[in-house]
Amino acid sequence: MKENVKAYGAKDSKAELEPMTIKRRDIQKDDVEIDITYCGVCHSDIHTVHNDWGNSVYPMIPGHEIIGRVVLVGDGVSDFTEGQLVGVGCMVDSCQTCSACKDDMEQFCENGATMTYGSKDKHMDDHTHGGYTTSIVVDKEFVLRIPENIDEKAAAPLLCAGITTYSPLKNWNVKKGDNVGVIGLGGLGHMGVKFANAMEAHVVMITTSPDKADDAERLGAHEVLISKDKEAMKKHQGSFDFILNTIPVGHKMDPYIALLKRDATMVLVGSVEPLDPFNGAGLIMGRKRVAGSLIGGIKETQEMLDFCGEHNIVSDVEMIDMMDINKAYERVMDNDVKYRFVIDMASLKK
Ligand code: NAP
Ligand code: ZN
């Protein structure tokens with residue numbers, strides 16, 4: 001076992017993140033040991049540190065947008081070699097035998113997927129610890145190949161923000177010419193815009209922030225709709241084939257449901273909490289649907305990474321040192337991030 005691995009974590013839901021040390025298991029037959037170079041900062045890390053969803057365990061080392069290089073592989077590993085650029089997302093294990101796992105949807109594992117942080121660790125008497133640290137040991141089935149042609153540090157957010165937006169766009173068959181709305185220009189939303197654009201949809205950025213309009217267009221939006229502008233919202237009523245909603249908190253649904261065409265769907269990925277009551281009539285009149293989506297399976301995550309390699313898609317990132325993490329959390333909560341913070345793990349190795 002490796003002891004005293006440097007990390008940053010939270011002691012409890014009220015504490016700031018601070019230096020800590022953790023243990024990592026010795027590699028076993030099917031394991032890959034990764035030297036972490038970069039880790040993205042997802043809004044979910046902040047929700048979890050603050051125990052917004054009521055299921056957090058401490059001490060907690062967040063981080064599930066992990067990029068690094070392979071340092072060692074177990075005897076049973078043939079797909080990965082020393083020095084290879086790899087990634088780890090939101091999951092590090094699952095039962096591999098239930099129907100969800102067999103259907104390549106480990107995120108819905110009927111026996112409970114092991115999340116990258118805060119899940120019961122199958123190998124050690126501990127819970128799992130995420131990527132705000134210098135190294136991680138992961139079962140080979142949960143290690144992703146990162147295309148070498150894309151910018152390594154800007155690839156980190158693909159492991160969560162990327163797959164969480166790619167998966168619903170694919171699952172709901174977004175195609176050329178569809179009118180697609182993406183609500184919320186943050187970490188997830190900016191990836192949603194890039195993917196929908198690459199899938200040749202007509203992309204409308206639906207935002208509360210007029211000052212993000214130029215960025216939205218630069219990222220690939222063909223139009224920008226300011227959700228606080230009632231007139232503009234009225235003009236777009238009944239016009240969308242698909243809407244991806246990344247709002248990170250409970251909110252009013254009716255104004256967004258009104259934007260959908262007959263039979264169209266709005267997929268929620270952000271509000272992992274109660275929503276404001278909404279009027280059933282909005283769905284009934286037009287046979288509209290509201291659905292949800294959770295990250296994506298490992299096979300689909302690899303497909304998304306390969307798609308990013310082909311289309312040269314990465315995240316727009318602002319690099320930070322590990323010790324600046326608390327400031328970064330404040331800025332995400334203040335809606336001041338363009339459009340994903342990524343921690344340079346060299347700052348923790350000094
Ligand atoms: P983020 O970077 O903070 O972006 C969220 C964006 O939503 C903001 O930039 C803002 O965009 C908009 N927004 C914020 N508060 C709002 C409000 N009260 N009303 C309307 N719009 C608001 O967060 P993120 O990292 O993209 O994560 C988004 C959410 O998805 C989080 O709750 C996260 O936990 C969750 N998540 C879910 C999954 C999944 O698998 N389902 C995976 C990862 C993350 P504008 O300024 O453009 O309005
Ligand atoms: Zn995330």
The chain: radius of gyration and largest Cα-Cα distance (Dmax), Å: 19.9, 63
Computed over region 213-350, Kirkwood Rh from alpha-carbon pairs, angstrom: 17.9
At R0 = 51 Å, FRET efficiency that the Cβ-Cβ distance of Ala232 and Lys299 yields, to 0.05: 0.80
Cα long-axis angle, helix 187-198 against the chain (0 to 90 degrees, to the nearest 10): 70
Length released on extending from Asp334 to Asn173, taking residue separation times 0.36 nm less the Cα-Cα span: 54.6 nm
For a label point 7 Å along the Cα-to-beta-carbon line of Lys327, residues of region 11-29 with backbone N under 16 Å: 17-18
Spatial separation of Cα centroids for region 67-90 and region 243-303, in angstrom: 36
Helix 298-311 vs. the chain, principal-axis angle (Cα, 0 to 90°, nearest 10): 70
Length released on extending from Val249 to Glu310, taking residue separation times 0.36 nm less the Cα-Cα span: 18.6 nm
Rounded to 10°, Cα long-axis angle of helix 161-171 versus longest principal axis of the chain: 50
Compactness index (Cα Rg / 2.2 N^0.38 Å), region 83-188: 1.22
Cα-Cα over 32 Å, subset of Lys299/Lys338; Lys14/Lys140; Lys14/Lys350; Lys11/Lys350: Lys14/Lys140
Distance violations [Cα-Cα > 30 Å] among Lys212/Lys261; Lys230/Lys288; Lys2/Lys102: Lys2/Lys102
Distance violations [Cα-Cα > 27 Å] among Lys29/Lys153; Lys327/Lys349; Lys6/Lys327: Lys29/Lys153
At R0 = 41 Å, FRET efficiency that the Cβ-Cβ distance of Asp276 and Ser78 yields, to 0.05: 0.20
Loop sites in region 160-229: GluC sites (Glu not before Pro), DSSP, at most 16 other Cβ within 10 Å: Glu200
Label point at Asp30 placed 7 Å out along Cα→Cβ; residues across region 128-153 whose backbone nitrogen lies under 19 Å: 128-129, 136-145
Percentage relative contact order, the chain, counting C-alpha pairs under 8 Å, at least six apart: 18
Per residue, in Å², the accessible surface of the chain once ligands and nucleic acids are set aside, probe 1.4 Å: 43
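The values are calculated or read from the model by the stated rules, or taken from the named source; none is laboratory data. All of these numbers come straight from a predicted model, not from anything done at the bench. FYI the Cβ positions are ideal-geometry reconstructions off the backbone, even for glycines, and counts take in every protein chain you see. Accessible surface is based on the protein model in full, side chains and every heavy atom, while ligands, DNA and RNA are left aside. Shrake-Rupley method; radii C 1.70, N 1.55, O 1.52, S 1.80 Å.
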